[in-house]
1. Assuming a viscosity of 1.306 mPa s and a temperature of 10 °C, what translational diffusion coefficient in µm² per second does Stokes-Einstein assign to the range 43-140, Rh being the Kirkwood radius over Cα pairs?
2. Nearest 20 debye, what's the magnitude of the dipole of the range 85-140 about its Cα centre given +1 on Lys and Arg Cβ and -1 on Asp and Glu Cβ?
3. Pick out, in residue order, every one of the GluC sites (Glu not before Pro) in the range 88-126 that is DSSP loop and has at most 15 other C-beta atoms within 10 Å; say none if there are none.
4. Exactly which trypsin sites (Lys or Arg not before Pro) in the range 77-123 are in a DSSP loop and have at most 15 other Cβ atoms within 10 Å?
5. Taking a virtual spin label 7 Å from the Cα of GLN106 along the C-beta vector, which residues in the range 72-86 bring their backbone nitrogen under 16 Å of it?
Amino acid sequence: MENWLDKLGEQGEELLDSFFYFKNKTLQCGWTEAHLSTIWLVFQHSDQNIMAYYYPELKRFSEQGALSKSSIALMEDRLLMNNGYKQIYGSQISNGQLHDLENLDQVNERRATMDLGAIEDYISNWDLDFETEKQRMLEQ
């Protein structure tokens, strides 16, 4: 069954573009982090091309403090994972495993810069152990 994101097509993209018509005035228009977080959620779970297209603008909102850094970290990781690269912040779980990570030993330092908690705590939500995941990645 198709969901509404699958049906976006050209008309839907025009609608999404209209949201960003105000991109230079977003903060002045009274849009809050909650508004942008909702928009982020739509893009985070949208088609890869749509996510990549809007990522730079969402990152700009994050740099301005209008969208959480953690949201951008999750989107960056998803974009990397979907394009066959290692993730940076360790936010993506794929096929019951932590998707491969860059520089395993510095992941918590990178996560802290994006207001994310420790990776050990995060992946325990999926009953995963970081040391086990780390060993698996090192053995590949």
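Nothing in this text is a laboratory measurement; each read-out follows from the coordinates by a stated rule. Computed from a predicted structure; not experimentally measured. With ideal geometry, Cβ positions are generated from the backbone for all residues, glycine too; neighbour counts draw on all protein chains shown.
1. Working: Rh = 13.9 Å.
Result for D is 114 µm²/s.
2. Details: 5 positive and 12 negative charges, 41 e Å.
For this selection, approximately 200 debye.
3. Values: sites: GLU102, GLU109, GLU120; in loops: GLU102.
Passing both the DSSP loop test and the Cβ count: GLU102.
4. Details: sites: ARG78, LYS86, ARG110, ARG111; in loops: LYS86.
Those satisfying the criteria are LYS86.
5. Counting backbone N atoms under 16 Å from the label point, the list is 86.
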